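*Asks:* Pasting in a structure now, in structure tokens, and then I'll have a few things to ask.
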Amino acid sequence: MYAIISMKDTVRVPPKEFGGKLKDSILKILKTEYEGIVDESIGVIVAVLEVDKVGEGKVIPGDGAAYYETEYNAVVYKPEIKEIVEGTITEITEFGAFVRTGPIEGLIHVSQIMNDYINYDAKGSRFVGKESNKKLGLEDEVIARIATCSLKGNIPNSKLGLTMRQTGLGKEEWLSVDLKKKEKKKTKEPEKKKEKK
């Protein structure tokens with residue numbers, strides 16, 4: 001889930017930044033230091049938007065920089081378990097499909113792709129459902145549910161586990177396949193006889 005949050009920090013402004021506008025210098029420093037950082041409690045800092053408040057600068061003896069108490073706003077992405085996300089398939093491997101969902105890439109394990117036996121087509125770089133003939137390949141747009149989430153220090157070390165085994169998840173075209181299957185199943189079920197009391 002994306003959110004805009006307010007944050008506070010003490011920002012070190014080196015002497016080379018003293019000539020420009022203070023808020024602009026602090027914003028540049030915050031962007032460099034924090035964008036792309038992962039924090040378990042707040043998520044991924046996607047972008048630092050603006051500096052709201054800058055306190056008085058303090059100088060520490062022996063350090064030529066000035067330190068400013070700063071309040072600023074940032075866009076963060078914090079994945080939540082059971083959250084529905086949209087993404088693009090970026091890689092297909094024998095063990096699953098990788099999906100770009102915002103700043104973090106998630107893995108859909110082969111067992112979580114669909115409710116069907118599936119074949120891995122290495123040449124075509126795709127998965128194909130044995131009975132449903134559903135296909136999943138590179139650059140496909142999908143809807144998935146977050147099953148597991150591990151945020152660790154930076155984006156490459158953070159992991160999302162995703163599933164598409166529920167109705168309405170997967171590729172958009174899969175929904176019509178699922179609905180046809182459901183209708184077919186309904187017509188095959190014998191009607192229950194009413195019991196006499």
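The values are calculated or read from the model by the stated rules, or taken from the named source; none is laboratory data. These figures come from a predicted structure and were not determined experimentally. Note that we place each Cβ from the backbone using ideal geometry, even for glycine, and neighbour counts take in every protein chain shown.
*Asks:* Taking strands (runs of 3 or more DSSP E) that fall entirely within region 126-178, which contain at least 1 residues that are within 30 Å of Tyr34 (Cβ to Cβ)? So that I can check it myself, show each step before the final result.
*Replies:* Values: elements: 126-129, 135-137, 141-150, 159-163.
Counting at least 1 such residues, we get 141-150, 159-163.
*Asks:* While we're here: Would you say Gly43 is touching a residue at least 24 places away in the same chain (Cβ under 8 Å), surrounded by fewer than 15 Cβ atoms within 10 Å (Cβ to Cβ) and touching a Phe, Trp or Tyr at 6+ places or on another chain (Cβ under 6 Å)? Steps first, please.
*Replies:* Working: touching a residue at least 24 places away in the same chain (Cβ under 8 Å): yes; surrounded by fewer than 15 Cβ atoms within 10 Å (Cβ to Cβ): no; touching a Phe, Trp or Tyr at 6+ places or on another chain (Cβ under 6 Å): yes.
No; evaluated as a whole, the condition is false for this residue.
*Asks:* Just to check your reading of the model, which residue among Lys123, Lys185 is among the charged types (D, E, K, R), at pLDDT below 90 and under 19 Å from Thr90 (Cβ atoms)? It would help to see each step written out before you state the result.
*Replies:* Details: Lys185 fails: under 19 Å from Thr90 (Cβ atoms).
Every option except Lys123 fails the conditions.
*Asks:* Checking the condition aliphatic (A, V, I, L, M) and over 26 Å from Val44 (Cα atoms), which residue from Ile89, Ile108, Ile118 passes?
*Replies:* Details: Ile89 fails: over 26 Å from Val44 (Cα atoms); Ile108 fails: over 26 Å from Val44 (Cα atoms).
Unique residue meeting the criteria: Ile118.
*Asks:* To continue, here is another question. Please work out which residue is nearest to the chain's Cα centre (by Cα), limiting yourself to region 96-119 and to residues that are farther than 18 Å from Trp174 by Cβ and of a type in the set (A, V, I, L, M).
*Replies:* Ile104
*Asks:* May I pose another question? Of the residues Leu22, Leu49, which single one is over 26 Å from Ile104 (Cα atoms) and aliphatic (A, V, I, L, M)? I'd like the intermediate steps shown before the answer.
*Replies:* Numbers: Leu49 fails: over 26 Å from Ile104 (Cα atoms).
Being over 26 Å from Ile104 (Cα atoms) and aliphatic (A, V, I, L, M) holds for just one of Leu22, Leu49, which is Leu22.
*Asks:* Right, something else. Please work out if Lys180 is more than 13 Å from the chain's Cα centre (by Cα) and at pLDDT below 85. Lay out the reasoning, then the answer.
*Replies:* Values: more than 13 Å from the chain's Cα centre (by Cα): yes; at pLDDT below 85: yes.
Yes: the conditions hold for Lys180.
*Asks:* Quick one: which of Lys78, Lys8, Lys23 is crowded, with 16+ Cβ neighbours inside 10 Å, among the basic types (Lys, Arg) and touching a residue at least 60 places away in the same chain (Cβ under 8 Å)? Walk me through it before giving the result.
*Replies:* Numbers: Lys8 fails: crowded, with 16+ Cβ neighbours inside 10 Å; Lys23 fails: touching a residue at least 60 places away in the same chain (Cβ under 8 Å).
Going through Lys78, Lys8, Lys23 in turn, just one is crowded, with 16+ Cβ neighbours inside 10 Å, among the basic types (Lys, Arg) and touching a residue at least 60 places away in the same chain (Cβ under 8 Å): Lys78.
*Asks:* Residues being surrounded by fewer than 18 Cβ atoms within 10 Å (Cβ to Cβ) and either of a type in the set (S, T, N, Q) or in contact (Cβ under 8 Å) with a residue 40 or more places away in the chain (or both): count how many of those fall in region 120-142.
*Replies:* Matching residues across region 120-142 total 7.
*Asks:* Take Glu105 and tell me if it is in a strand (DSSP E or B) and either in contact with a strand residue (DSSP E or B) (Cβ under 8 Å, 6 or more places away or on another chain) or within 27 Å of Leu160 (Cα to Cα) (or both). First the steps, then the outcome.
*Replies:* On the way: in a strand (DSSP E or B): yes; either in contact with a strand residue (DSSP E or B) (Cβ under 8 Å, 6 or more places away or on another chain) or within 27 Å of Leu160 (Cα to Cα) (or both): yes.
Judged against the criteria, Glu105 is a match.
*Asks:* Select, from Glu91, Glu33, Glu80, the only residue that is within 29 Å of Lys171 (Cα to Cα) and outside any strand (DSSP E or B). If you could, list the steps in order and put the result at the bottom.
*Replies:* On the way: Glu91 fails: outside any strand (DSSP E or B); Glu33 fails: within 29 Å of Lys171 (Cα to Cα).
So the residue among Glu91, Glu33, Glu80 that is within 29 Å of Lys171 (Cα to Cα) and outside any strand (DSSP E or B) is Glu80.
*Asks:* Considering only residues that are in a loop (DSSP other than H, G, I, E, B) and among the aliphatic types (A, V, I, L, M), look in region 46-75 and name the one that is surrounded by the most Cβ atoms within 10 Å (Cβ to Cβ). Steps first, please.
*Replies:* Taking region 46-75 as the starting set, the residues that turn out to be in a loop (DSSP other than H, G, I, E, B) are 60-65.
Within this subset, residues satisfying the condition of being among the aliphatic types (A, V, I, L, M) are 60, 65.
Values: Ile60: 10, Ala65: 17.
Only one residue tops the list, namely Ala65.
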